[in-house]
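The next block holds one structure in the form of structure tokens; read it before the comments.
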Amino acid sequence: MTWHVSTGRVPDYFDIMNEPAVRSYDPAFAPTRANVLEQYRVAHDAIRSVLPDAGIVGPSLNQYVLNDPSALIDLRSFLDMVER
């Protein structure tokens, strides 16, 4: 974040994670829904600590999944997390 600010390369919106999918992770550290949501939270907090008014978007999902407990992430779990 500080690099983005210091070089003047601050995007209009930060897309924290594009298309989170099991195949995107190291097989030795298989992702869980809780881990993916934690990644969003940590990234959000890091961005806001430097740019309190930054635009943040997410999740970027190729397939619209509203409520699917078997999915790595769905919109319901994401929205539940951001409402806290």
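The values are calculated or read from the model by the stated rules, or taken from the named source; none is laboratory data. Fair warning: this is a prediction, and the values are worked out from it, not measured in the lab. A quick note on method: Cβ atoms are made from the backbone with ideal geometry, for glycine too, and the neighbour counts reach across all protein chains shown. The accessibility values were calculated without ligands, DNA or RNA, using every heavy atom of the protein model including side chains. Shrake-Rupley method; radii C 1.70, N 1.55, O 1.52, S 1.80 Å.
Here are some notes:
- Here the range 19-52 is the region considered, the condition is being open to solvent by less than 80 Å² (accessible area, probe 1.4 Å), part of a helix (DSSP H, G or I) and in contact with a helix residue (DSSP H, G or I) (Cβ under 8 Å, 6 or more places away or on another chain), and the residue that is farthest from Phe78 (Cα to Cα) is Val50.
- Residue ID - nearest to Trp3 (Cα to Cα), chosen from residues in the range 53-65 that are open to solvent by 70 Å² or more (accessible area, probe 1.4 Å) and at pLDDT below 90: Asn62
- Subset of the range 1-18 [over 15 Å from Val50 (Cα atoms) and either part of a helix (DSSP H, G or I) or open to solvent by 60 Å² or more (accessible area, probe 1.4 Å) (or both)]: Asp15, Asn18
- Reported count of residues in the range 6-18, each being hydroxyl-bearing (Ser, Thr, Tyr) and farther than 24 Å from Arg76 by Cα, is 2.
- Residue that is modelled with the highest pLDDT, among those in the range 1-44 that are closer than 18 Å to Val65 by Cα and of a type in the set (Lys, Arg): Arg33
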